[in-house]
Amino acid sequence: MPSRLPNGSPAGIPGRPASSVEERLRARILERLDELGWPAPGELAVERPRDPAHGDWSSNVALALAKPLRRAPRAIAEELARAWQPEPGLVDSVEVAGPGFVNFRLRPDVYASALRKLLLDPDAYLRSDAGRGSSVIVEFVSSNPTGPLHIGHGRNAALGDAVASLLEAAGWSVTREYYFNDAGNQMETLGRSLQARYSQLLDPSTSFPEGGYEGEYLVRIAEELRAELGDGLIDASDPAASLPFFQARAAAVMVESIRADLEVFGVRFDSWFNESCLYQEGLVERALERLRDRGAVYESQGAVWFRSSAYGDSDDRVLVKSSGHPTYFLPDVAYHMDKHERGFARAVNVWGADHHGYVPRMQAAMAALGYEPDWLHCIVYQAVTLLEGGEAVKLSTRKARFVTLRELVQEVGAAVARYFLLMRRADTHLNFDLDVARAQSDENPVYYVQYAHARSQSVFTRLLAAGAHDARDTEPGRLAGANLERLILPREGDLLKLLAEFPDLVREAAVAREPHRVAGFLERLAKEFHIWYHEVRILGEDVELMRARLALARGVQIAVRRGLGLLGISAPEAM
RNA sequence: GCGCCCGUAGCUCAGAUGGAUAGAGCGACAGCCUCCGGAGCUGUAGGCCAGAGGUUCGAAUCCUCUCGGGCGCACCA
């Protein structure tokens, strides 16, 4: 995954959409440097300046070349601007400003043709080639089925799914996988807890195990069990004999319930992976052997250790306890080895902040196994605080006072829940304000974006209702043929430029694995759309102008729908 | 004690690979519906980017330290 893209070949820089305006301008700049006999700078910034007075696009090329050329940046910029040949295709004017910025204004038809491409084939328009078709496995949620999913799992699910979608848009072949720890002693505790709940139905004085899962959901499962199979599930002379049954039952019910919760949330996995398979197929032992072969393992005090400190971790880690049982870590290494052996070119994990300490040891294991340093990427997200009435609602699986993901979705809807969980950077703490999420008002940013989509739809509906046009006149393919030169208002230019940024934004968000950038873009786009909508009348007597404006509205609508789609959020045609 | 994340407007947060005068939403205040959806639009106020040094043409951004907040430091998972 190139986080930094090579500047070498003007013809086609890998990873950038070939059709993107930024890409074309970047290529053109590099051509000019080549003509002048100047080197390409190591890092070339081409970006949209905040201040429109600085042009459509701006580059730091002269500043970056100041050192290698040993000349003043301003002089370099001026020479570059002078050498710029008049050209029909892309650049309209070049200016030098400030300490040596080179500012470009592009020909309007550049943006018009970008809109046409968006209308004709949105998939192709948005698709970049950063992934080049190679495969990546995105593992997320992977919560142990000891209780219902809560809002923290929701952040994980929303992030993992959105990152997966972004990677797909960036040209990766993506597998979404859920890793299910069905072999650990948490599952045993779960079984014991269920068994105790069942016993309590028969004899309320039965004690509940220390550290058990106290949630109400286990009482319900116990009641179902009793209704279904009666009172005789526990042999009084040998209570332990029934434990595996309760464990299996509890696990099966919980997994199904998690799957259903995720379904309601709009998240589906391609694959569910059971930890127990790793043991059954001997992968755990093989992982240990592989580490041993590489000289990364030693024994001490009756335990087997991984020399992780030799691979960047702060301490060595136990793989096999002196009891002879593996730690949690060893099967996890085996699991990642399995991902690698399944042929994935990259792996992405989505982990809660409470696991951030495991990143160095897992990376150490990957290094010891000889994998590329960036084969595994861990996205670590910070905690979610649920606020209601200005107060934090405490979350705790064990103590059972919490709002489940399912309740949250029922309360505010999947769209709002997902948007709120994705609109902030993963590495900041997230305050999820239930009161704002519940509000169907201008407090709620989701509706602002969705409204842009619904609002443009209503224009098409209105047009058709008037009777003079048929449905084909509102089709994107048809509208691509509109005379877009009629879009001469500054607002229309702003919208067109914003739409032209979209492909690069999607690629950058994918490469950085940061879905919140998409949310930010959608809010900007919706804002520009609403301003424009307020300023102009789309439907009117001048049919040519109307068609141009319909094309723009359609382009915005498609971009909003695609962007929301990347976040796993619906784009309603009416609200 | 050590490690990771965070500290930007009253609140919640963006600020891309260091770039030009620090941004948005909400809240507050003042406005806009004979007009395609007012879940909208316009304007005003609000900042020593936690603090102190350093690197450089240039720092909210990189480095060091201090102070705050969160999380993690198991032969648990």
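Every number in this text was worked out from the coordinates using simple rules, so none of it is lab data. Nothing here was measured: the structure is a model prediction, and the numbers come from that model. Every residue, glycine among them, receives a Cβ derived from its backbone with ideal geometry; neighbour counts consider all protein chains shown.
Quick one: net charge of A:Thr175's neighbours, Cβ under 15 Å, K/R +1, D/E -1? Mind dumping the intermediate values first?
Numbers: positive: A:Arg176, A:Arg268, A:Lys339, A:Arg342, A:Arg346; negative: A:Glu139, A:Asp161, A:Glu168, A:Glu177, A:Asp270, A:Asp338, A:Glu341.
Result for the local shell: -2.
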Can you give the local net charge around A:Pro99? Use residues other than it whose beta-carbon is closer than 14 angstrom to its beta-carbon, Lys and Arg +1, Asp and Glu -1. +1
Using a simple spin-label model with points 7 Å from Cα along the Cα→Cβ vector, what separation in nm is obtained for A:Ser322 and A:Ala241? 3.6 nm
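Only loop residues by DSSP count here, and only those with at most 13 other Cβ atoms within 10 Å; note down the GluC sites (Glu not before Pro) in region A:27-132 that meet that.
Sparse-neighbourhood loop GluC sites (Glu not before Pro): A:Glu43.
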Tell me which residues come under 5 Å, amide H to amide H, from A:Thr385 once H is placed; ignore anything under 5 positions away on its chain. A:Leu430, A:Asn431, A:Phe432
Exposure-ranked with fewest Cβ neighbours within 10 Å first, A:Arg127, A:Arg259 stand as A:Arg259, A:Arg127
Compute the FRET efficiency between A:Asp542 and A:Glu256 as 1/(1 + (r/R0)^6), taking r as their Cβ-Cβ distance and R0 = 60 Å, and round to the nearest 0.05. 0.55
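So what is the calculated 222 nm ellipticity per residue for chain A, using -39500 (n - 2.57) for each DSSP H run with n of 4 or more, over all residues, to the nearest 500 deg cm²/dmol? Please list the in-between numbers first.
Numbers: 21 runs with 283 residues, N = 575.
Taking each H run of at least 4 residues, the total per residue is -15500 deg cm²/dmol.
Taking a quarter of the surface of the convex hull around the Cα atoms of chain A, what do you get in nm²?
Over every viewing direction, the Cα hull of chain A projects on average to 33.5 nm².
Report the Rg/Rh value for region A:163-245, based on alpha-carbon coordinates and the Kirkwood definition of Rh. Mind dumping the intermediate values first?
On the way: Rg = 19.0 Å, Rh = 15.2 Å.
Dividing the radius of gyration by the Kirkwood radius yields 1.24.
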Calculated FRET efficiency, A:Val393 and A:His355, Cβ-Cβ r, R0 35 Å, to nearest 0.05? 0.95
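I want the local charge near A:Leu387. Using Cβ-Cβ distances under 11 Å, sum +1 for each Lys or Arg and -1 for each Asp or Glu among the other residues.
Values: positive: none; negative: A:Glu388, A:Glu391, A:Asp433, A:Asp435.
Charge balance near A:Leu387 sits at -4.
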I'd like the FRET efficiency for A:Ala468 and A:Glu573, computed as 1/(1 + (r/R0)^6) with the beta carbon distance as r and R0 of 25 Å, rounded to 0.05. 0.70
Tell me which of A:Ala53, A:Gly191, A:Phe521 sits at the most positive position along the dipole axis of chain A, charges placed on C-beta atoms (Lys, Arg +1; Asp, Glu -1). A:Ala53
Project the alpha carbons of region A:445-566 onto their principal axes and report the range along each, largest first, in whole Å. 47, 26, 26
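Output the Kirkwood hydrodynamic radius of region A:314-470, Cα pairs only, in Å rounded to one decimal.
Details: mean 1/r = 0.0501 Å⁻¹.
The answer is 20.0 Å.
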Of the options A:Gly232, A:Ser300, A:Met254, report the single residue whose Cα projects farthest towards the positive end of the charge dipole of region A:229-360 (beta-carbon charges: Lys, Arg +1; Asp, Glu -1). A:Ser300
Ranked A:Tyr298, A:Tyr179, criterion: other C-beta atoms within 10 Å, fewest first: A:Tyr298, A:Tyr179
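Within 10 Å of each residue's Cβ, count the other Cβ atoms and sort A:Lys67, A:Lys339, A:Lys321, A:Lys497 from fewest upward. Please list the in-between numbers first.
Details: A:Lys67 10, A:Lys339 23, A:Lys321 13, A:Lys497 20.
By the 10 Å Cβ count, ascending: A:Lys67, A:Lys321, A:Lys497, A:Lys339.
Multiplying the sequence separation of A:Lys67 and A:Glu263 by 0.36 nm and subtracting their Cα-Cα distance, what value in nm do you get? Before the final figure, lay out the partial values.
Details: separation 196, 0.36 × 196 = 70.56 nm, distance 5.55 nm.
Value of the extension gain: 65.0 nm.
Roughly what % antiparallel, to the nearest 5, for the DSSP beta bridges in chain A?
Working: 23 of 46 bridges.
Among the beta bridges of chain A, antiparallel pairing accounts for roughly 50 percent.
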